[in-house]
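Structure first, then comments.
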Amino acid sequence: MSYTVAFMSFHLTLNRSFVADHYHDLPGFQEDRHGHNWSVEATIEAESMDQERPLAETLDAWQQQVDYSLLNDQPSLSGRNPTTEALAQWAFGFLEDRGLTPVQVKVREKVNYWAACRR
């Protein structure tokens, strides 16, 4: 008797928190400098649990760039207001650039205010 094992994948999600200030100064959206306790949640499509470590290390690297920073000074956000949408897009691209396959990245600015980027 032979058995065929079907290929299975799953979604792996990790979260990180960070503290950062930002302000909005582009036409149509202006707001004074203020800070938040943010969170980022990244989900990748994984084939095995071996992908947890690369996701954790990559998410940690992104978090270290933004933690206790002024987001307006981030080169990756140059020319953009540092909104949750912009942060989610940046984090999504950061994961992709490091060889991961993100399904979704969600950045939360407040309990009830977040944005998600996905393909």
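Couple of notes before you dig in:
- Residue within the stretch 91-98 that is of a type in the set (Phe, Trp, Tyr) and over 18 Å from TRP114 (Cα atoms) present: yes
- Members of the stretch 45-81 that are modelled with pLDDT under 95 and not in a helix (DSSP H, G or I): GLU45, ALA46, GLU47, SER48, SER78, GLY79, ARG80, ASN81
- Among the residues of the stretch 59-73, those identified as over 14 Å from LEU100 (Cβ atoms) and either touching a residue at least 12 places away in the same chain (Cβ under 8 Å) or in contact with a Gly (Cβ under 9 Å, 6 or more places away or on another chain) (or both) are GLN63, VAL66, ASP67, TYR68, SER69, LEU70, LEU71, ASN72.
- When the stretch 41-98 is filtered for residues that are aromatic (Phe, Trp, Tyr) and surrounded by 13 or more Cβ atoms within 10 Å (Cβ to Cβ), the ones remaining, listed by number, are TRP62, TRP90, PHE92, PHE94.
- Being over 12 Å from the mean Cα position of the chain (by Cα) and either in contact (Cβ under 8 Å) with a residue 12 or more places away in the chain or assigned to a loop (DSSP other than H, G, I, E, B) (or both) is a property that LEU100 has.
- Filtered residue count, the stretch 104-119, keeping only those that are among the β-branched types (Val, Ile, Thr) and surrounded by fewer than 17 Cβ atoms within 10 Å (Cβ to Cβ): 1
- The single condition among (1) without any contact (Cβ under 8 Å) to a residue 24 or more places away in the chain; (2) under 17 Å from ARG98 (Cα atoms) that ALA56 does not meet is (1).
The values are calculated or read from the model by the stated rules, or taken from the named source; none is laboratory data. On a predicted model such as this, the values are computed, not experimentally measured, just so you know. As a convention, Cβ positions derive from the backbone with ideal geometry for all residues, glycine included, and neighbour counts pool all protein chains shown.
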